[in-house]
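None of the figures in this text is laboratory data; all of them are computed from the coordinates on show. On a predicted model such as this, the values are computed, not experimentally measured, just so you know. Cβ coordinates were reconstructed from backbone atoms using ideal geometry, including for glycine residues, and neighbour counts include every protein chain displayed.
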Amino acid sequence: MNQISEEFLNKIDGHKNVVYLIGETGNTESAKAIAEAGNALLKSGGTGVKVESTGKAFTKEHWSGLVTDFEESNLYQMYVLDSIIDGEGATYSCGMHNLGLKDSIVYNEAFQEAANLISIFGHYQLIDKPEIELNQTFSTHAEAPFFVISEEKNQPNSGDELFENPFGIWKLERKTSGK
């Protein structure tokens with residue numbers, strides 16, 4: 001979770017300058033390099049970091065901690081928002097394009113379960129680097145439901161330069177018995 005305190009928001013309100021760090025991502029190496037560049041800006045007096053391609057914001061301490069104690073899974077926390085709801089039964093992620101991977105969408109599941117599924121599936125893509133095939137199934141643990149993996153043709157962020165994922169979006173659909 002990425003909670004921002006009221007104190008930090010007040011500090012941001014008083015800022016006088018903004019520095020934009022613009023660079024191509026699309027793989028873990030470039031995402032890490034941009035994270036390190038952002039950390040260098042923080043060390044030179046920066047207040048915080050906002051990842052424009054997801055809308056996530058970080059305090060100086062939080063971002064620096066993720067860079068200093070770096071693990072590949074930290075990139076997910078830095079660049080991916082995995083709990084967006086559309087108001088019509090879908091929960092989806094945004095930001096996997098920063099890591100060169102597809103985002104995920106789940107329909108008609110309880111919000112928290114969908115967000116957990118998306119998070120675990122996103123980490124699975126990032127850490128395990130599987131070759132995912134259409135109609136493959138995925139489950140978060142042995143007793144959890146299985147979800148069939150397909151490609152979603154209608155991305156929620158289609159046409160938005162910052163948020164649309166050029167790699168696509170996986171659709172995870174609960175497998176019902178008899179299928």
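Tabulated results
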| read-out | value |
| --- | --- |
| Beta bridges by DSSP in the chain, antiparallel share as percent, to the nearest 5 | 80 percent |
| For segment 103-179, share of DSSP beta bridges that run antiparallel, in % to the nearest 5 | 65 percent |
| Options Leu42, Leu134, Ile149, ranked by Cα towards positive dipole end of the chain, top entry (Cβ charges) | Leu42 |
| Candidates per trypsin sites (Lys or Arg not before Pro) in segment 49-155, loop by DSSP, up to 13 other Cβ within 10 Å | Lys153 |
| Relative contact order for segment 130-179, counting Cα pairs under 8 Å that sit 6 or more residues apart, in percent | 33 percent |
| Convex hull volume of segment 81-174 per residue (C-alpha atoms, cubic angstrom) | 92 Å³ |
| Label-point separation in nm, Glu151 to Glu88, each point 7 Å along Cα→Cβ | 2.1 nm |
| Point-to-point label distance, Glu72-Ala57, nm (Cα→Cβ direction, 7 Å offset) | 3.2 nm |
| Calculated FRET efficiency for the pair Glu161/Thr47, C-beta based, R₀ 22 Å, to 0.05 | 0.25 |
| Only Lys, Arg (+1) and Asp, Glu (-1) charged, at Cβ; segment 81-174 dipole about Cα centre in debye | 160 debye |
| Calculated P(r) tail over 17 Å for segment 6-76, as whole % of Cα pairs | 41 percent |
| Neighbourhood net charge (14 Å Cβ-Cβ; Lys/Arg +1, Asp/Glu -1) for Glu52 | -2 |
| Unit charges on C-beta of K, R, D, E only; dipole of segment 6-76, Debye | 280 debye |
| Value of [θ]222 nm, deg cm²/dmol, for the chain, DSSP H segments ≥ 4, -39500 (n - 2.57) each, nearest 500 | -8500 deg cm²/dmol |
| Charge dipole (debye, nearest 20) of the chain; +1 at Cβ of Lys and Arg, -1 at Cβ of Asp and Glu | 180 debye |
| Relative contact order (percent, whole number), the chain, Cα cutoff 8 Å, 6+ residue spacing | 18 percent |
| Normalised alpha carbon radius of gyration of segment 1-149 [divisor 2.2 N^0.38 Å] | 1.13 |
| Paramagnetic reach from Leu21 in segment 50-75 [backbone N under 16 Å; point 7 Å along Cα→Cβ] | 50-71, 74-75 |
| Nonlocal amide H pairs with Gly26, under 5 Å, H built at 1.01 Å | Ala31, Leu99, Gly100 |
